[in-house]
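Read the structure below first, then the notes.
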Amino acid sequence: MNDSVPDWFTNALATEPESHRVTVAGTSIHYLAWGERGRPGLICIHGGGAHAHWWAHVAPAFVPNYRVVALDLSGHGDSDRREHYTLDLWTDEVQAVSNDAGFASAPVLVGHSMGGFVTIAAAGRHPDAFAGAVIIDSPVVEVDPEVDHARRTDDFNRVRIYDDPAVPIGNFRTIPPQAVYLPYVIEHVARNSLRQRDDGRWEWKFDPSIFVPRRAEPSTYLSQIRCRVALLRCEHGLMTPDIGAYMYEQLGRLAPVIELPTAGHHPMLDVPLILITAIRSLLADWDHSTPLNG
């Protein structure tokens with residue numbers, strides 16, 4: 001990092017999270033936690049091929065009012081891998097983390113991209129377990145971009161091993177790519193995307209087979225959600241106005257669709273403060289209003 005790193009980011013990373021594990025269907029699931037036990041809860045769910053540290057500069061903004069956790073779904077980050085992955089298993093992992101985290105009440109889910117699909121399925125399958133769901137640029141009527149890219153190329157299937165971690169960190173980019181990345185954020189995310197092998201070399205943490213299986217369509221769960229829902233649509237992302245309108249209809253015309261201005265598909269990488277403000281605004285409203293579907 002360099003002198004242009006803003007204080008808010010430095011202070012956020014200085015807020016050290018707790019590290020915990022739970023076992024779900026025989027697989028160890030890792031999660032990070034910020035804030036005291038016994039507070040209202042937020043659960044942050046990353047996208048495909050990502051990990052809990054994508055939220056490390058966002059989560060501290062909600063402390064001390066909330067206890068915030070970010071999990072590594074199986075096959076991602078520091079969680080263990082499975083032989084097979086399903087959307088329902090990932091929702092079971094979210095439920096297990098929620099039960100273990102020490103929240104004062106039912107938490108709010110915040111899911112990005114594929115994590116938004118997991119959020120939809122979790123809220124639909126467990127209608128009484130979550131107080132709200134914030135879905136960030138998850139285009140439900142389209143194939144998620146990581147899966148589409150994996151089917152069209154061998155980029156995820158080729159095992160890449162590096163002698164020097166500076167090489168993959170310096171070349172790190174997302175799928176889909178976007179015009180703007182804050183350099184200090186992308187460096188932090190990239191550094192935490194690698195693990196050191198027994199031979200001293202480096203490789204990416206995610207399991208390439210997470211993109212292989214067919215997943216249950218998240219659209220089937222939209223109409224089953226009973227908690228509050230909000231859709232955050234990135235201006236230059238994948239949730240087009242038409243997709244946002246479709247999801248709005250499926251959710252009973254009760255979920256606000258809010259555009260994040262200038263944001264690419266990964267808003268925590270280019271406009272994290274706008275993302276934080278949007279989530280804060282939703283939480284403040286939900287704390288002081290009565291749900292229409294209540």
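Things worth noting here:
- When Leu251, Leu260 are checked against the criterion of being farther than 15 Å from His57 by Cβ, surrounded by 18 or more Cβ atoms within 10 Å (Cβ to Cβ) and under 18 Å from the mean Cα position of the chain (by Cα), Leu260 stands alone in meeting it.
Matching residues to (1) surrounded by 24 or more Cβ atoms within 10 Å (Cβ to Cβ); (2) in contact with a helix residue (DSSP H, G or I) (Cβ under 8 Å, 6 or more places away or on another chain); (3) under 27 Å from Asp7 (Cβ atoms):
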residue: Arg37; (1), (2), (3): no, no, no
residue: His53; (1), (2), (3): no, yes, yes
residue: Val68; (1), (2), (3): yes, yes, yes
residue: Leu73; (1), (2), (3): yes, yes, no
residue: His76; (1), (2), (3): yes, yes, no
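- If you go through region 100-116 and keep only what is part of a helix (DSSP H, G or I) and farther than 19 Å from Val24 by Cα, you end up with Met114, Gly116.
- Flag for Pro165 being farther than 27 Å from Pro127 by Cβ, in contact with a strand residue (DSSP E or B) (Cβ under 7 Å, 6 or more places away or on another chain), surrounded by 13 or more Cβ atoms within 10 Å (Cβ to Cβ) and free of Cβ contacts under 8 Å to residues at least 40 places away in the same chain: yes
- Once region 263-294 is narrowed to residues that are among the polar types (S, T, N, Q) and part of a loop (DSSP other than H, G, I, E, B), the residue that is nearest to Gly47 (Cα to Cα) is Asn293.
- When residues of region 117-147 are limited to those that are assigned to a helix (DSSP H, G or I) and among the charged types (D, E, K, R), the one modelled with the highest pLDDT: Arg125
- Considering region 14-63, and only residues there that are aromatic (Phe, Trp, Tyr) and part of a strand (DSSP E or B), the residue that is nearest to Tyr184 (Cα to Cα) turns out to be Trp34.
- Enumerated helices (runs of 4 or more DSSP H) restricted to region 158-262, each holding at least 2 residues that are at pLDDT below 95: 166-171, 219-222, 241-250
The values are calculated or read from the model by the stated rules, or taken from the named source; none is laboratory data. Because the structure is a prediction, the values reported are computed rather than measured. Because the Cβ atoms are built from the backbone with ideal geometry, glycine has one as well, and the counts that use them run over all protein chains shown.
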